[in-house]
Each structure stands twice: as structure tokens, then as C-alpha cells.
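What follows is calculated from the coordinates using simple rules that are stated; it is not laboratory data. Keep in mind the model is a prediction, meaning the values are calculated, not measured. Please note: Cβ atoms are built from the backbone with ideal geometry, for glycine as well, and neighbour counts cover all protein chains shown.
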Amino acid sequence: MKFPNNFVWGAASAAYQIEGASFEDGKGLSIWDVHTNDTHPDPITGISNIKNNDNGNIACDHYHRYREDVALMKKIGIKAYRFSLSWTRIIPDGQGAVNQKGIDFYNNLIDELLAAGIEPYITLFHWDFPQKLQEIGGWSHPDMPRIFADYVQVAVEAFSDRVKYWMTLNEPQCHIIVGHVDGKCAPKLRVSPKEAFYLIHSILKAHGLGVQRIRQYAKQNVQVGIAPNPSAFYPYSDNPDDQLAAQEKAFTADSRNLWATTWWLDPLLLGHYPEDGIEAYGSDFPQEINNPEDLAIINQSLDFLGCNFYTGACVRADNKGMPVIVDPKIGYDRTAFKWEVTPRILQYMPIFLYNRYHLPILITENGLSLSDWVSLDGKVHDPNRIDYMQRYLRELKKAIDRGVPVLGYLTWSIMDNFEWNDGYGERFGLIHVDYGTQKRTIKDSGYWYNKIIESNGKSL
Ligand code: PNW
């Protein structure tokens with residue numbers, strides 16, 4: 001099994017999950033700093049924000065240990081590293097004055113990566129929204145897309161001489177729906193469906209204006225994309241009826257479901273909101289967001305579509321060819337997080353997305369949490385991570401064989417890290433982190449990935 005010669009093998013992370021140094025060197029507060037450090041139980045659920053009252057204040061202390069971390073990345077042999085910028089490390093209040101120490105940190109990280117032969121891939125926003133901007137209304141503030149674009153410009157002016165690959169947003173779906181509708185993650189709002197549409201529209205506009213700024217201020221011929229998490233589906237069998245049914249399901253918004261991929265990717269890549277979704281929401285859909293001027297801003301041409309894929313639902317065609325979700329297995333294979341192991345999404349979702357949006361696909365996240373620990377022999381044995389990656393990568397190869405331009409695969413995550421509301425309980429890394437001592441140990445999967453990368457996937 002061989003992958004294309006220029007296939008990008010890499011790994012990913014996000015600022016709040018690994019950096020720590022939350023209150024150092026002039027960094028401003030983000031909504032995640034506030035959310036994690038608020039240990040009062042939620043008045044509605046009675047549950048505290050983060051499992052075990054963990055927080056990201058120190059996390060993997062990557063801010064101070066990035067040199068060691070890049071050396072480990074080099075040892076694993078990754079060719080690309082996707083990380084996010086902390087907006088408030090660069091602009092503490094979210095807008096206005098720039099914090100040179102924040103710029104310095106990312107300059108040092110980028111230089112270290114390039115010296116190690118690792119291509120940096122920047123995500124501009126991975127959920128750690130500035131607290132000061134939240135206090136003036138967050139994404140509901142009419143100027144927020146422009147304020148985001150101003151921040152993007154600062155980052156692009158500082159780093160694009162060396163950084164070629166840029167992504168605007170990570171999983172805006174999770175940030176808006178879990179954070180603003182379900183009230184579970186920062187900023188813990190519970191807005192109405194109508195209000196949710198204004199927020200979606202605002203963050204999509206921020207993406208659009210951000211893309212414009214990247215192209216306008218970039219110092220080289222950059223590649224621009226986004227890293228959403230499309231709801232994933234795969235067909236029960238390879239029979240064409242099942243494949244078509246799964247594809248149809250992947251792009252249907254005919255029930256009141258904000259996770260439907262077309263609410264996000266149709267405006268971004270086709271320039272319109274989904275008709276079936278508008279109908280399903282009726283008067284809860286604010287017609288004024290459906291205007292051509294805004295949609296033209298949202299609908300920027302992109303160079304690639306990044307996608308985060310973990311798990312998906314199985315779809316079968318019923319006897320009329322209509323999609324129905326089925327449970328193909330009793331006692332599903334599950335990760336430590338209890339997410340179902342569904343490798344076929346990595347074959348089918350790239351196919352479905354390419355059929356609809358015609359953009360090259362970059363897998364910006366894929367991986368699993370396991371209950372890894374350092375064994376008595378000093379090693380971390382994680383055979384299930386190896387098996388998971390092998391299964392998913394074999395499926396991804398089938399998408400490539402079926403003609404989909406897949407640019408690369410970035411596994412989540414380079415190292416164990418702060419898993420949002422689940423704190424340090426979930427370990428997703430190729431590198432084990434002992435949070436008490438900050439000792440790093442490359443897991444068996446990291447050494448295995450090294451062999452896969454060296455053989456360009458041949459040993460899969
Ligand atoms: C992503 N799900 O979020 C995020 O981009 C990462 O920051 C995060 O650490 C990683 O996946 C692992 O959770 C997701 O419920 C959150 O399927 C939830 C889901 C998937 C991805």
C-alpha cells in the first residue's frame with residue numbers, strides 16, 4: 001500500500017490544550033481560562049465545569065518546553081505539525097495592542113519546527129475566544145467578524161513569511177453548538193435557535209473576512225483552508241444504494257439539527273444556506289442572514305478542506321432507497337471515551353465531501369483516547385491506537401485510490417493534553433505526558449507511526 005509521494009504525514013494540537021502559561025508574559029484571558037478556573041458547580045446541572053476540576057493553566061507546559069516537544073516530533077518523523085495560535089497571547093484584549101512576547105513565542109516555535117524539517121500548519125482559532133470580547137457580546141457583536149480579521153492580519157503579517165498553510169477555524173460547530181446552544185463548554189450560553197443562527201452567520205463571516213486578510217497580507221503563496229468537523233456517515237455495505245444513501249444523509253438538514261454539515265459547509269463553499277434546513281427551522285431561521293452580500297463574504301475560495309473525523313453513523317438504504325441509520329454491530333468497538341470505532345468514515349467522507357465541494361481534503365484530526373500509562377518497562381504500550389490508525393489509514397487510502405485528492409493525515413494528537421471538559425482523563429497522544437513531572441514518553445504508536453511515515457504508508 002503506497003500513498004502519493006507528496007502525502008503529508010503529521011500530527012495536531014491546540015493552544016489551550018497544551019501550552020499552559022495561561023497567565024504569563026502578558027497573555028490575556030480567554031473564555032476557556034475563565035471556564036476552567038470557575039470550579040463552582042453549574043446551577044442547572046449541579047456538575048462542575050471540568051472533570052476533576054482540572055484546568056489548562058499548566059497543561060503540558062508546552063510554552064516552556066516547545067524545544068523538547070519539537071525534538072520529539074522530529075524523532076517520530078512527522079512532516080507537518082498543526083497547532084493553533086492563542087488569540088489572547090498575541091492580542092491580550094482580543095483587539096488593539098499586540099503582545100510582542102506572544103509573537104516571539106510563535107516565532108520561536110515556527111523557527112524550531114522549520115529547523116527540524118517540520119512544516120507548520122496554523123489554526124487561527126481553536127475555541128479559546130478572548131474573554132474581553134465575550135464581555136462585549138462575543139460572536140453576537142456586529143463587529144466581531146472584522147475584529148477577528150484584524151487579529152488574523154496581525155498573525156499573517158508576523159508569520160506568513162515562513163508559514164504557508166493556514167486554517168481559519170477549528171470545528172466552529174462544536175464551539176457554537178456546545179458552547180453557545182447546549183451551554184456545556186465555554187462560554188456556557190444557552191441561546192435560542194434563532195440567536196444561534198446569528199452566531200453561526202457571524203463566525204462564518206469571520207472566516208470569510210479572515211480568508212480575505214490572509215490572501216491580502218500573506219508574504220508568500222499561501223494555502224488556505226478551515227478545519228470543521230462534518231457529521232460523519234458511512235454506508236452499511238459497498239452496494240451503490242447504501243453508498244448513495246449515506247452520501248444523501250451526510251448532506252441532509254431536513255430536521256432541526258444545527259450539526260447538519262450543510263448549515264456550515266454550504267454557505268462556506270457553495271454560497272447559500274441549505275433550503276431543507278431553512279424549511280425545517282421555519283420562523284426560527286432569520287431570513288436577513290440569507291443575503292447575497294454576506295454570503296459573498298462567507299463564500300471565499302479555499303485551497304483545501306480540512307476535516308476532523310473520529311466517529312460516524314452507519315447508513316443503509318431502505319427498500320425505497322431512503323437513508324436509515326442502523327447499528328451494524330452489537331457491542332461496538334469503542335475507545336476509552338466510548339466513541340465508536342468506525343474506520344470506514346475515512347474512506348467515505350472524503351469521497352462524499354469531494355463529490356459535493358470539489359476541494360482537496362486534508363485530514364486535520366483523527367485519533368482516539370485510551371487509558372495509557374507508563375509500564376514497568378518504561379514504555380507505553382498502546383496496541384489499540386496502532387490498530388485504530390491502521391484501520392482508518394487503510395480506509396483513507398481507498399478514498400485516494402478512488403480518485404479523491406487527499407493531501408495528508410494529521411493525527412490527533414501529538415501528545416496527551418487537556419481534553420476540554422474531560423480534563424486530563426482522556427489521553428489522545430502519540431506521546432505520553434506525565435502531568436505531575438511533565439515527563440514525555442513516546443508511545444509504541446509513535447514509534448509505529450515513524451515506520452509508517454518512513455515507508456510512506458507502504459507498511460500499512
Ligand atoms: C475535537 N465528538 O473535538 C477538537 O478539535 C479537539 O480539540 C479535541 O481535543 C478532539 O477533537 C478530541 O475530542 C471533538 O463528540 C469533540 O465526536 C467532540 C467530538 C469530536 C471532536
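Pairs on different chains or at least eight residues apart, Cα atoms closer than 29 Å: how many lysine pairs in segment 123-277 fit?
Total qualifying Lys-Lys pairs in segment 123-277 comes to 14.
What does DSSP give for the chain in terms of the percent of beta bridges that are antiparallel, rounded to the nearest 5? Don't skip to the end; give the middle numbers.
Values: 11 of 43 bridges.
DSSP beta bridges in the chain are roughly 25 percent antiparallel.
Taking the number of other C-beta atoms within 10 Å as the exposure measure, put M1, M167 in order starting with the fewest. Mind dumping the intermediate values first?
Details: M1 14, M167 27.
Placing the least packed residue first, the sequence is M1, M167.
How compact is segment 102-189 by the rule of thumb for globular proteins, expressed as Cα Rg over 2.2 N^0.38 Å?
1.25
Ranked from highest to lowest mean number of other Cβ atoms within 10 Å per residue, what is the order of the peptides 269-276, 243-250, 44-51, 387-394?
Order by mean packing, descending: 243-250, 387-394, 269-276, 44-51.
Note down the relative contact order for the chain as a percent, whole number, built from C-alpha pairs under 8 angstrom at least six residues apart. List each step's numbers first, then the result.
Details: 971 pairs, mean separation 81.0, N = 460.
Across the chain, relative contact order equals 18 percent.
Stokes-Einstein D for segment 320-460 at 37 °C, 0.692 mPa s, Kirkwood Rh over Cα pairs, in µm²/s? Spell out each step's value before the answer.
On the way: Rh = 16.6 Å.
The calculation lands on 198 µm²/s.
If Lys and Arg each add +1 and Asp and Glu each add -1, what is the summed charge of the other residues whose beta carbon sits under 13 Å from the beta carbon of V324?
Here the count lands on -2.
So what's the net charge close to E248: Lys and Arg +1, Asp and Glu -1, counting the other residues with Cβ under 15 Å from its Cβ? Spell out each step's value before the answer.
Numbers: positive: K249, R316, K320, R356; negative: D241, D242, D254, D266, E275, D276, D318.
Local charge sum for E248: -3.
Using helices alone, what [θ] at 222 nm do you get for the chain, with -39,500 (n - 2.57) per DSSP H run of 4 or more residues, divided over all residues and rounded to the nearest 500?
-11500 deg cm²/dmol
If I model the chain as equal point scatterers sitting on the Cα atoms and use the Debye formula, what is log10 I(q)/I(0) at q = 0.06, 0.09, 0.11 Å⁻¹?
-0.24, -0.56, -0.87
What does the charge add up to near N308, with Lys and Arg as +1, Asp and Glu as -1, over the other residues with Cβ less than 10 Å from its Cβ?
Working: positive: none; negative: E171, E365.
Around N308, the charge tally is -2.
Please report, in Å, the Rg and the Dmax of segment 153-232, where both are computed over Cα atoms only.
In order Rg, Dmax, the Cα atoms of segment 153-232 give 14.8, 43 Å.
For a footprinting-style exposure proxy, rank C307, C314, C174 by other Cβ within 10 Å, fewest first.
Fewest-to-most Cβ neighbours within 10 Å comes out as C174, C314, C307.
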